[in-house]
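Down below is the structure, laid out as structure tokens.
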Amino acid sequence: MHSHENTVRLMPDVAGQAQPHLAGALDWVGMDGIEVPVRFDAGDGDVQRASAQVGAFVNLTRPDKRGIHMSRLYLLVDEYLSSKTVDAAMLESLLRAFLDSHKDLADRARISIRFDQLVRRAALRSDNSGWRAYPVSIE
């Protein structure tokens, strides 16, 4: 059985060593499961708020770079989604901001937003109504 000291000696620190033969571009790098409030129009002009799970990603086009600035993606997600209503123009602006924050590192950006929309529905056999949660997913 190897001692901890022997294991450490046998296992190189690959993050600390330049290894150009392992370099390459990455399709998607970023964060998933970011918890943030989102504002959305429920289709009737009434802006609602929900708790969302967000994934924010850019590609890494430079094989000579070791990664991206994930905190920049996080801060942009927080800035846009917690203060602006989700719509196509806002999402396009957010994705462009992802790319602007990673100039010379990325040329593609992606976001995923998942939340539940609560809708009041009439009961089938009475004049009562109740709430129903419908999953919403935006890619």
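The values are calculated or read from the model by the stated rules, or taken from the named source; none is laboratory data. Remember, it's a predicted structure, so these values are computed and weren't measured experimentally. Virtual Cβ from ideal backbone geometry, glycine too; neighbours counted across all protein chains shown. Note: areas computed on protein heavy atoms with side chains; ligands, DNA, RNA excluded. Shrake-Rupley method; radii C 1.70, N 1.55, O 1.52, S 1.80 Å.
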Open item on the list: Looking only at residues that are open to solvent by 70 Å² or more (accessible area, probe 1.4 Å), within 19 Å of Glu35 (Cβ to Cβ) and of a type in the set (A, V, I, L, M) in region 68-94, which one is modelled with the lowest pLDDT?
Closed with: Met70
Task: Residue list for region 106-124, filter: assigned to a loop (DSSP other than H, G, I, E, B) and among the charged types (D, E, K, R) - done: Asp107, Arg108
- [ ] Would you be able to say whether some residue in region 95-104 is part of a loop (DSSP other than H, G, I, E, B), modelled with pLDDT of 90 or more, crowded, with 16+ Cβ neighbours inside 10 Å and out of contact with any Cys (no Cβ under 8 Å at 6 or more places or on another chain)?
- [x] yes
